[in-house]
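The values are calculated or read from the model by the stated rules, or taken from the named source; none is laboratory data. In this text the structure is predicted, and so the values were computed from the model without any measurement. All Cβ positions, even for glycine, are placed from backbone atoms using ideal geometry, and neighbour counts span all protein chains on display.
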Amino acid sequence: MRAKFRQLTGPLAGWILTREVDMKFRDIFVPRIANSNPEIRKKAIAKETDKALLQRVIENDEDPEVKQKATARLEELTGVTA
């Protein structure tokens, strides 16, 4: 993450500090487990207790590491090893 100054024009004229973040606008409105950043999804999976949600992540997530983390968490919750 980088910080930089940006000049505003119009009624809000002045300088503000902005951050350049690699995230999508929709990430503000979705749960962390559905974030566009796989690292954030993996952290959310570590805290998740909903087995059905973990199963959906395993079936639908495009990142293999996220799927692997969800599988491990589901096994941890159910006490079953695949």
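Residues in region 50-65 that are surrounded by 13 or more Cβ atoms within 10 Å (Cβ to Cβ), free of Cβ contacts under 8 Å to residues at least 24 places away in the same chain and within 13 Å of residue 36 (Cα to Cα): 1 in all.
May I ask you to list the residues in region 56-82 that are of a type in the set (S, T, N, Q) and at pLDDT below 95?
From region 56-82, those of a type in the set (S, T, N, Q) are 60, 68, 71, 78, 81; that's our starting set.
Within region 56-82, 60, 78, 81 qualify.
Among the residues of region 31-44, is any at pLDDT 95 or above and surrounded by fewer than 13 Cβ atoms within 10 Å (Cβ to Cβ)? Checking region 31-44: not a single residue is at pLDDT 95 or above and surrounded by fewer than 13 Cβ atoms within 10 Å (Cβ to Cβ).
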